[in-house]
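Structure, as structure tokens:
The values are calculated or read from the model by the stated rules, or taken from the named source; none is laboratory data. Owing to the predicted nature of the structure, the values given are computational and were not obtained by experimental measurement. Cβ placement follows ideal geometry from the backbone for every residue including glycine, while neighbour counts extend to all protein chains displayed. The protein model used for the area step is the full one, side chains on, heavy atoms only, and it has no ligands, DNA or RNA in it. Shrake-Rupley method; radii C 1.70, N 1.55, O 1.52, S 1.80 Å.
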Amino acid sequence: MIKSMPLILLPLTLCLTGCDFLSNAISDSWQTYKDKSEPFSPPKNNQWITVEGVIPPNTTPILKRRYISNKCLSTHNTAGGMLYHTPRHRGDDVNILVNSTTGYFKEKIPLQGGGWCQWNINTIMLVIMYNDVNHLIKDAEPYTGTGITIYINDAEKPKDMKELINSIHYKPIIYPFLRKVYDTHNKIGLYGETGGTTSFGLRLTPRNEWKITYMPTLDETKMPKVIISENPLGIYPRGNARVEYPDGKVDLDSDYIEYWKINNTSQWE
């Protein structure tokens, strides 16, 4: 009997080290199957977040929504081999109908995504980008855009971010910027107060209207330029960057635009 004990303990040891992995693999597969068989499907009896605004000419909006499930979980491994779980996420783009005359748009985002995973809204991102820049520089290409990212309720969010209740009404001044690189086409993007998207937290309370309004003013009379010129062969890096501002100021050895310098205002305003 004593000699057979290692053979008895071996399956037990294997189970202790591998059963968690097997159990989690089965759980992940089951949740994926159930999510596909009962997919994202916002219930008709729902609460809605209105997203509206007016976009400038020659731009197009991109609206993205991201949902979270605390019922369907993803399994991960630490460097030490320990298993842990995190909520699953899913995201998609929302088709936006824009009035071709006024630039006005209005869409509704469901709070609950339904389905077997019981999806709930987590973040909403709205970005506008140029779709044509020939009126600024002929043969240039549209580049990156600017907009807002909204973190709903308890969504994991950046620190030092402004948080509002039930509604956001954001009317920033945005500018075009030129990116001129020695070995590519000229590109023109849009630049906002924080460069890309400005982040807000939005706390939703029951029995209130929930609304996100984004109405940027595009000032095309001022266009900063990020210029990356080519250094001579043998000099590293190959590109030498600088930023030129509308008032003639130049930041050397940088490709980062400082928003407050575009309009030559105090950075503390």
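Within the stretch 235-269, if we keep just the residues that are modelled with pLDDT of 70 or more, closer than 13 Å to Lys222 by Cβ and among the hydroxyl-bearing types (Ser, Thr, Tyr), the residue that is most open to solvent (accessible area, probe 1.4 Å) turns out to be Tyr259.
Note on the stretch 156-172: residues that are over 20 Å from the mean Cα position of the chain (by Cα) and either crowded, with 19+ Cβ neighbours inside 10 Å or more than 30 Å from Thr86 (Cα to Cα) (or both) total 0. Out of Leu136, Leu126, one residue alone is of a type in the set (A, V, I, L, M, F, W, C) and surrounded by fewer than 20 Cβ atoms within 10 Å (Cβ to Cβ). It is Leu136.
Listed by first and then second residue, the pairs with beta-carbon distance under 8 Å, at least 6 apart or on different chains, first residue in the stretch 203-231 and in contact (Cβ under 8 Å) with a residue 24 or more places away in the chain and open to solvent by 80 Å² or more (accessible area, probe 1.4 Å), second of a type in the set (S, T, N, Q) and part of a loop (DSSP other than H, G, I, E, B), are Arg203/Asn153; Arg203/Asn166; Asn208/Asn166; Glu209/Asn166.
Taking the condition among the basic types (Lys, Arg), out of contact with any strand residue (DSSP E or B) (no Cβ under 7 Å at 6 or more places or on another chain) and in a strand (DSSP E or B), does Lys64 pass? Step through it out loud before you land on a result.
Details: among the basic types (Lys, Arg): yes; out of contact with any strand residue (DSSP E or B) (no Cβ under 7 Å at 6 or more places or on another chain): no; in a strand (DSSP E or B): yes.
No: the conditions fail for Lys64.
Could you say whether any residue in the stretch 75-92 is assigned to a loop (DSSP other than H, G, I, E, B), surrounded by 12 or more Cβ atoms within 10 Å (Cβ to Cβ) and hydrophobic (A, V, I, L, M, F, W, C)? No; the residues of the stretch 75-92 include none that is assigned to a loop (DSSP other than H, G, I, E, B), surrounded by 12 or more Cβ atoms within 10 Å (Cβ to Cβ) and hydrophobic (A, V, I, L, M, F, W, C). When Gly18 is tested against (1) at pLDDT 60 or above; (2) open to solvent by less than 60 Å² (accessible area, probe 1.4 Å); (3) not charged (D, E, K, R), exactly one condition is not met: (1).
Taking the stretch 59-74 as the search range and keeping residues that are crowded, with 17+ Cβ neighbours inside 10 Å and polar (S, T, N, Q), which one is modelled with the highest pLDDT?
Thr59
Looking at the structure I just gave you, is Ile152 more than 26 Å from Leu190 (Cα to Cα) and modelled with pLDDT of 95 or more? It is false that Ile152 is more than 26 Å from Leu190 (Cα to Cα) and modelled with pLDDT of 95 or more.
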